[in-house]
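Worksheet: one structure, shown below.
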Amino acid sequence: MTPRSFVYLAAVAALSVLLAIVSFAANNQWSAGKATGAKLLPTLADSIRQVAEIEIRQGDTSVVLEKTGDSWGLKNRGGYPVDVAKVRTLLVSLGEAELIETKTRRADRYAALELEEPAEKSAKSRLVRIAGAKGDVIAEVVIGKKRPEAYGTGKAGGTYVRKPGDPQSWLANVDLEPSLAVKDWAKTSVLTMDTAKISRISIEIPGEQALKAERPAAGARDKGAKDDKDAKDAKTPAEPAKLGFVGFPSEGKKLKDATAAEAIARAVSSIEMEDVRKPAASPAAGVGVVKIESADGPTTTLRLRKDGDEHWLSVIATGEGEAKKAAEEISGRTKGWEFKVPALKAESILKKRADLLEAPAAEKK
């Protein structure tokens with residue numbers, strides 16, 4: 001090969017490589033370089049006081065946050081109150097977000113960044129639409145996959161985003177994850193009480209014999225014990241007597257767990273919700289009723305029912321004297337609402353007598 005031919009072939013090869021690089025960049029466009037930190041939603045910060053509604057949508061699922069006065073509530077959950085601080089955090093994060101790095105412009109590559117059309121049933125992307133009091137759209141953004149530690153180990157992550165109608169996708173410099181779960185916006189605690197102060201529990205389930213448990217009065221649990229040994233130390237409070245079932249089990253029967261009554265008390269003493277709604281007309285049947293009486297506290301009644309595969313609970317609290325204030329606090333949060341609770345929680349509260357008894361020896365074999 002002559003030197004001239006070699007130079008010619010080398011030039012052709014270099015040109016081919018250059019054209020291939022240009023073609024790859026034009027057709028793939030995963031990243032077209034760095035941006036200068038332009039705002040994701042440049043007008044949001046100045047309009048944040050005008051925001052009256054935030055819709056988060058993914059496929060057929062949505063949650064709508066609505067402002068009423070100085071409060072925020074779940075519009076599609078009857079206005080149930082949400083944590084204002086969480087709403088503020090989302091708006092501030094969106095208002096401060098900057099576009100750091102350009103990504104793909106190709107719609108067939110959006111799925112890799114979880115930026116496909118949010119209306120699609122299987123979409124992993126979420127559309128966030130922010131509107132004013134008259135329904136005017138202030139800002140819209142499609143939010144995709146998070147990129148942990150996008151700016152180095154131990155540093156905050158980033159999030160892939162794009163604007164509806166604009167093919168360009170970006171990596172933003174904030175960690176965005178607007179949730180569609182009600183429990184991530186509202187306070188989830190439905191009921192909290194001191195288990196040791198629960199003095200009596202009754203459970204009534206349609207078609208079942210009622211179940212009752214009581215805590216023996218102080219001093220009644222061991223009449224033969226000496227006072228000085230019972231107290232042990234005047235500075236150390238005596239451990240409360242354990243709850244026990246009344247008239248159950250009958251002779252010849254045995255409990256699977258000797259502490260079963262205490263287990264029910266623990267179950268009712270801390271209840272968290274997964275969802276919330278305005279209750280429909282009270283069903284005539286199929287409602288389990290649990291009445292909880294507390295020493296120096298309110299009497300709380302739980303109504304549990306099954307709706308399909310879901311378990312829903314409502315709460316009524318009453319009290320007099322010192323207990324009245326606590327009852328009013330519970331009622332203020334729960335009156336007029338029905339709460340979805342985990343199946344395991346419902347099953348640990350609504351116990352039938354048969355659930356608590358050991359199987360006869362013949363059945364064990």
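Read-outs: derived from the displayed coordinates by stated rules, not from any lab. Source: prediction; values computed, not measured. Cβ sites come from the backbone with ideal geometry, for glycine too, and all protein chains shown count toward neighbours.
A compact table of results
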{"item": "Net charge of Cβ neighbours under 10 Å - reference Pro167; Lys, Arg +1; Asp, Glu -1", "result": "+3"}
{"item": "Space enclosed by the convex hull of the alpha-carbon atoms of the range 32-181, per residue, Å³", "result": "117 Å³"}
{"item": "Distance histogram for the range 239-365 (every C-alpha pair counted, 5 angstrom bins, percent rounded to whole numbers)", "result": "2, 9, 17, 19, 17, 15, 11, 6, 3, 1, 0"}
{"item": "Cβ-derived FRET efficiency at R0 45 Å, Thr195 paired with Lys134, nearest 0.05", "result": "0.35"}
{"item": "Amide H partners (placed H, <5 Å) of Tyr80, local residues excluded", "result": "Leu74"}
{"item": "Table column - 3J(HN,Hα) (Hz), the range 102-119, Karplus curve with 6.51, -1.76, 1.60, x for Gly and Pro", "result": "6, 10, 5, 9, 8, 4, 6, 10, 4, 4, 5, 9, 6, 10, 5, 4, x, 6"}
{"item": "Full-stretch length increase - Lys124, Ala85 - with 0.36 nm per residue and alpha-carbon distance subtracted", "result": "11.5 nm"}
{"item": "FRET efficiency, 1/(1 + (r/R0)^6) with R0 22 Å, evaluated for Gln209 and Lys242 via beta carbons", "result": "0.50"}
{"item": "Simple spin-label estimate for Glu117 and Thr188 in nanometres, 7 Å along Cα-Cβ", "result": "3.4 nm"}
{"item": "Cα→Cβ-extended label distance, 7 Å offset, between Glu328 and Ala38, nm", "result": "5.6 nm"}
{"item": "Sparse-neighbourhood loop sites, GluC sites (Glu not before Pro) in the range 313-362 - DSSP loop, at most 15 other Cβ within 10 angstrom", "result": "Glu320, Glu358"}
{"item": "FRET efficiency, Lys352 to Glu272 (Cβ-Cβ, R0 22 Å, nearest 0.05)", "result": "0.40"}
